[in-house]
Amino acid sequence: LVVLGSGFAGYSLLRALPRDLFDLTLISPRNYFLFTPLLPSATIGTVELRSILEPVRRRLRHVQQVEALAQEVDWRHQVLACRSAVSEETFDLPYDLLVIAVGAQVADYGIPGVAEHALTLSDVPDARAIRARVLVQLARAEIPGLSDDEIRRRMTFIICGGGPTGVEVAAEIHDLLTDELRTLYPELASLSRVILVEALDRLLTGFDDALGAYTSRHFAREGIEVRTGTPVERIEADHVVVEGGEEIPCGLAIWAGGNAPVPFVASLGLPLEKGRIRVAPDLSVPEHPGVWALGDCAVTEPPLPATAQVAQRQGKYLAKALRRRTRGLPVDPFEARVSGMMAYIGGGEALAEVGDVQWTGRGAWILWRSAYLTKLVSLPNKVKVLFDWAKAAAFGRDVSRF
Ligand SMILES: Cc1cc2nc3c(=O)[nH]c(=O)nc-3n(C[C@H](O)[C@H](O)[C@H](O)COP(=O)(O)OP(=O)(O)OC[C@H]3O[C@@H](n4cnc5c(N)ncnc54)[C@H](O)[C@@H]3O)c2cc1C
């Protein structure tokens, strides 16, 4: 059984499968599992990146692991063509059973300048790049002789996309600017700006309307400028152009625009729906016996949100289904149960929505932190994140640039 991807879906599947049922191989370019819900916090050092990673080798010792990317599948001969993640070497890998859990990448919707001039956030290198660029902007704003307008431009951070990732990144960067700038860079504090630009007419469309509206009001109170109903037309090196041609000067643009398929999924020749592999209710790929797809790269009927929660549940479900299948027992369809959604909105406040119940503010923030602490996948992760939060609260975030 070959599993592609060590994200929420692939990792939870492998963790839940019994050790002796299959010969297990994991193909993934990452040798770690990444807890993405805390990735926005890592962009400014509220938590450290290594605190939210779990090396898969430590947890999945019974699984053969190859750090590589699957590139193509020869369906007839059941062979995967792969490329090493650390060299140009390629190799073929035969399989009997295949699980595709390769996730998604950030969609740029063909908007010019996103790839060249904006940073995105989906993996560890992205969070490192954002943290480094924010600190570079602080250094660039301190070069002597600049006009106030130029300092303001260098200290303007535009986040494009008002979904959970965009909202959380805006909140985290604003936290850094308010908490650390006031004491460490007091001359820059009044010249910094965080602007959140969203094409639709409200933030957080996956949440209830009231929570989107609460976030806009909270951001206005905190000093984060929100521009809803403002599609981005183009991103340039030092400004973002929005619909109507308005140019908003900035020092850094971050693109948080949604999901697109990874190239491997597009190469498979399978029926896709909005770039995701269409799967049966038991997550199998129709007309390809012994092949399943789950997580962000797959879509069920009705479609489920592309979240960690769904991917993790699908991984656990498939482990159980595979166990039943080997015993010749019938397999029930995957049942989606969404237990709730949360987002950090900055200034020590969060949102939480569980069924019809909603929480906002400090209480929701405590719930948000407690929930993520519980959901982190290992004891070392939990302890490290707890220490990071305590360190950031006691000593401030580390703004060393190296
Ligand atoms: C910044 C951020 C914050 C988020 N916050 C939340 C949140 O708060 N709550 C929530 O529910 N969801 C959140 N999400 C969404 C969540 O991370 C995804 O829905 C979830 O990771 C999907 O799991 P997955 O296993 O399908 O994909 P992933 O977790 O992305 O894993 C995909 C895996 O496949 C590997 N891979 C890619 N291409 C190949 C290939 N060709 N061959 C082999 N392996 C490959 C990748 O390296 C990776 O290991 C967030 C996402 C981001 C980016």
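Just so it is clear, none of the values below were taken in a lab; they were calculated from the coordinates. Small disclaimer: the values here were computed from a predicted structure and weren't measured. In this analysis, Cβ positions are derived from the backbone assuming ideal geometry, glycine residues included, and neighbour counts consider all displayed protein chains.
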Worksheet, complete the sentence: Neighbour-count ranking for Y317, Y344 (other C-beta within 10 angstrom, fewest to most) reads Y317, Y344
Response to the item:
Among GluC sites (Glu not before Pro) in the stretch 297-402, those in a DSSP loop whose Cβ has at most 15 other Cβ atoms within 10 Å are E335
Worksheet item: For the stretch 1-142, what class follows from the C-alpha gyration tensor (a ≥ b ≥ c being the square roots of its eigenvalues): rounded when a/c is under 1.5, otherwise prolate if a/b is larger than b/c, else oblate?
Response: prolate
Response to the item:
Fewest-first ordering of F33, F387 by Cβ atoms within 10 Å yields F387, F33
Discussion item. Please list log₁₀ I(q)/I(0) at q = 0.13, 0.15, 0.21 Å⁻¹ for the stretch 222-279, using the Debye equation with identical point scatterers on the alpha-carbon positions.
Written reply: -0.56, -0.66, -0.83
Discussion item. Viscosity 0.890 mPa s, temperature 25 °C: what is the translational diffusion coefficient of the chain from Stokes-Einstein with a Kirkwood Rh over Cα pairs, rounded to a whole number of µm²/s?
Written reply: 110 µm²/s
Item to complete: Report, ordered by chain and residue number, the aspartates and glutamates lying within cross-link reach of K320, taken as a straight Cα distance under 16 Å and ignoring same-chain residues fewer than 8 apart.
Response: D20, D282, D332, E335
Worksheet entry | Extension gain, D208 back to A394 (0.36 nm per residue minus Cα-Cα distance, nm) | 63.5 nm
Worksheet item: How big is the equivalent ellipsoid of the stretch 341-402 along its three axes, where each semi-axis is √(5λ) from the Cα gyration tensor, reported in whole Å from largest to smallest?
Response: 24, 16, 9
Worksheet item: For the chain, the longest stretch holding no trypsin sites (Lys or Arg not before Pro) located in a DSSP loop with at most 15 other Cβ atoms within 10 Å is which?
Response: 77-273
Item to complete: Report the FRET efficiency, 1/(1 + (r/R0)^6), for E301 and S378, where r is their Cβ-Cβ distance and R0 is 35 Å, rounded to 0.05.
Response: 0.55
Worksheet item: Once both labels are modelled 7 Å past Cα along the beta-carbon direction, what's the R325-A129 spacing in nm?
Response: 3.6 nm
Worksheet item: So how do D20, D282 line up by other beta-carbon neighbours within 10 Å, fewest first?
Response: D20, D282
Worksheet item: Can you list the residues of the stretch 117-147 with backbone N under 18 Å from a point 7 Å past the Cα of E247, pointing along Cα to Cβ?
Response: 117-118, 147
Discussion item. Let's test the formula: R0 of 30 Å, r as the Cβ-Cβ distance of E116 and E89. What FRET efficiency results, to the nearest 0.05?
Written reply: 0.50
Worksheet, complete the sentence: Kirkwood-based Rg/Rh on the Cα set of the stretch 265-402 evaluates to 1.09
Worksheet item: So, in Å, what gap is there between the alpha-carbon centers of the stretch 201-242 and the stretch 34-56?
Response: 24 Å
Worksheet item: Under 17 Å from the Cα of K391, which aspartates and glutamates turn up, not counting those fewer than eight places away in the same chain?
Response: E48, E172, D175, D179, E180
